[in-house]
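Below: the structure, in structure tokens.
The values are calculated or read from the model by the stated rules, or taken from the named source; none is laboratory data. Here the structure is a predicted model, which is why all the values come from computation and not from measurement. All Cβ positions, glycine included, derive from the backbone under ideal geometry; neighbour counts span all protein chains shown.
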Amino acid sequence: MSTLKKMTWFFIMLPLAGYGQRDWSAATVETTRMAEGVYRLFVDGRVSVTAFTGEDGVLLVDAAYEQTVPQLQAAVAALSDKPIRYLVNTHIHGDHTGGNLGLGRGVDIIAHHNVKAFLGRDRQQGGQSLPGFPAWAQPNISFSDELELVFNGQVLKMRHLPGGHTDSDLVVYFPDSRVLVAGDLLFAGNFPYVDTGNGGHPITFLENLDKIISGYPDALVINGGHGPLYTMEELKAYRQTLQDTVEAVRAAKERGLSAEEARKARVLQPWEDMGRFFITEDRWIDTLYPFL
């Protein structure tokens, strides 16, 4: 199995088997207020969930892992005594959809059509046979391009930005709160994971960051799927840094270096701090090489 296929399998399997041997009871949820009634719930020190509370109830953007549902429910209960009414999945991966299995009953789940199709089908991965999610854990509201939802006095705006991280990615904009949830279109401070096996493309990833930068106000709090909260200025700087890494790898390829030689030469050493989460320098080089 290739390195990129192994990464694809790892992200999708997270709620089912990837962390099956660890003690999930030790997982924590860190709560940060982004705006009135809008909170970042940072699950297990790695995955962001957004909670939107108000008179209508609670809306969650992403669900983290199936195994961290009890901690997530406790964190939500500390913010609101009202029920969870909506759950939005920003894309297909298990660290964002696994919690559907514990949160989905009686809740409207919203996602792109591709998330619904993916979660609903049986599949073979990593030598294992995985059943599709039960109907109540799949999106019952799906869309293709854009969707607006009136909830807690705001008109939430969801937009599909495909082809960067996966073919299913969407962003959720809270216009009155000036909050944008970017899902895994933002690995803040880190090299991004581009799931080429499910429609991702590293250059499109950068283009989607451009769409976010040009399409939303500067005065925003931006919550990515992983890493710290960002301002728009920080997002612009991150996008430029990623462009610099692309150019460094492109230059190595144009000099005739193979991907292995580029790794050995450590052409991304100036950005080594960005490789300390999940995608290392070597993996980012391997991701980029076929597309340059």
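Taken over the stretch 1-47, the criterion of being modelled with pLDDT of 50 or more, touching a helix residue (DSSP H, G or I) at 6+ places or on another chain (Cβ under 8 Å) and either of a type in the set (Gly, Ala, Ser) or assigned to a strand (DSSP E or B) (or both) is satisfied by Ala27, Val29, Thr31, Leu41, Val43, Val47.
Looking across the stretch 50-72, the residues that are without any contact (Cβ under 8 Å) to a residue 60 or more places away in the chain and more than 17 Å from Arg33 (Cα to Cα) come down to Ala63, Ala64, Tyr65, Glu66, Gln67, Thr68, Val69, Pro70, Gln71.
What residue, among those in the stretch 264-292 that are of a type in the set (Ser, Thr, Tyr) and not in a loop (DSSP other than H, G, I, E, B), is farthest from the chain's Cα centre (by Cα)? Only one residue fits best here, namely Tyr289.
Can you name the residue in the stretch 227-238 that is touching a helix residue (DSSP H, G or I) at 6+ places or on another chain (Cβ under 9 Å) and among the aliphatic types (A, V, I, L, M) and is also surrounded by the fewest Cβ atoms within 10 Å (Cβ to Cβ) among such residues? This residue is Met232. Ala74 passes every criterion in (1) of a type in the set (A, V, I, L, M); (2) over 27 Å from His160 (Cα atoms); (3) at pLDDT below 95 apart from (3). Note on the stretch 149-166: residues that are buried (at least 21 other Cβ atoms within 10 Å of the Cβ) and under 17 Å from the mean Cα position of the chain (by Cα) total 5. Somewhere in the stretch 153-163, is a residue in a strand (DSSP E or B) and more than 15 Å from Leu59 (Cβ to Cβ)? Yes, there is a match, as at least one residue in the stretch 153-163 is in a strand (DSSP E or B) and more than 15 Å from Leu59 (Cβ to Cβ). Selection of the stretch 142-166 for residues being over 17 Å from Val38 (Cα atoms) and touching a residue at least 60 places away in the same chain (Cβ under 8 Å) yields His165, Thr166. Residues that are in a helix (DSSP H, G or I) and among the β-branched types (Val, Ile, Thr) within the stretch 165-219 comprise Thr196, Ile203, Thr204, Ile212, Ile213, listed in sequence order. Selection of first residues in the stretch 258-286 that are within 18 Å of Ile203 (Cα to Cα) and of second residues that are in a helix (DSSP H, G or I) and aromatic (Phe, Trp, Tyr), restricted to Cβ pairs under 7 Å at least 6 apart or on distinct chains, gives the following pairs, ordered by first then second residue: Ala259/Tyr289; Leu268/Trp284.
Taking only the stretch 181-201 into account, find how many residues are of a type in the set (A, V, I, L, M, F, W, C), farther than 16 Å from Arg159 by Cβ and buried (at least 23 other Cβ atoms within 10 Å of the Cβ). Reasoning before the result, please.
So in the stretch 181-201, the residues of a type in the set (A, V, I, L, M, F, W, C) come out as 181-182, 185-188, 191, 194.
So of that shortlist, the ones also farther than 16 Å from Arg159 by Cβ come out as 187-188, 191, 194.
Filter once more, keeping what is buried (at least 23 other Cβ atoms within 10 Å of the Cβ): 187, 191, 194.
Count: 3.
Is it the case, given these coordinates, that Glu261 is in contact with a strand residue (DSSP E or B) (Cβ under 9 Å, 6 or more places away or on another chain), in a helix (DSSP H, G or I), of a type outside the set (Ser, Thr, Tyr) and surrounded by 13 or more Cβ atoms within 10 Å (Cβ to Cβ)? No: the conditions fail for Glu261.
Yes/no matrix, rows are residues, columns are (1) hydroxyl-bearing (Ser, Thr, Tyr); (2) surrounded by fewer than 23 Cβ atoms within 10 Å (Cβ to Cβ); (3) touching a Pro at 6+ places or on another chain (Cβ under 8 Å); (4) at negative phi:
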| position | (1), (2), (3), (4) |
| --- | --- |
| Phe174 | no, no, no, yes |
| Ile203 | no, yes, no, yes |
| Glu207 | no, yes, no, yes |
| Ser214 | yes, yes, no, yes |
| Gly225 | no, no, no, yes |
| Gln240 | no, yes, no, yes |
| Glu247 | no, yes, no, yes |
| Glu254 | no, yes, no, yes |
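Can you find a residue in the stretch 88-101 that is of a type outside the set (Ser, Thr, Tyr), buried (at least 17 other Cβ atoms within 10 Å of the Cβ), more than 17 Å from Gly225 (Cβ to Cβ) and out of contact with any Leu (no Cβ under 8 Å at 6 or more places or on another chain)? Yes, the conditions are met somewhere in the stretch 88-101.
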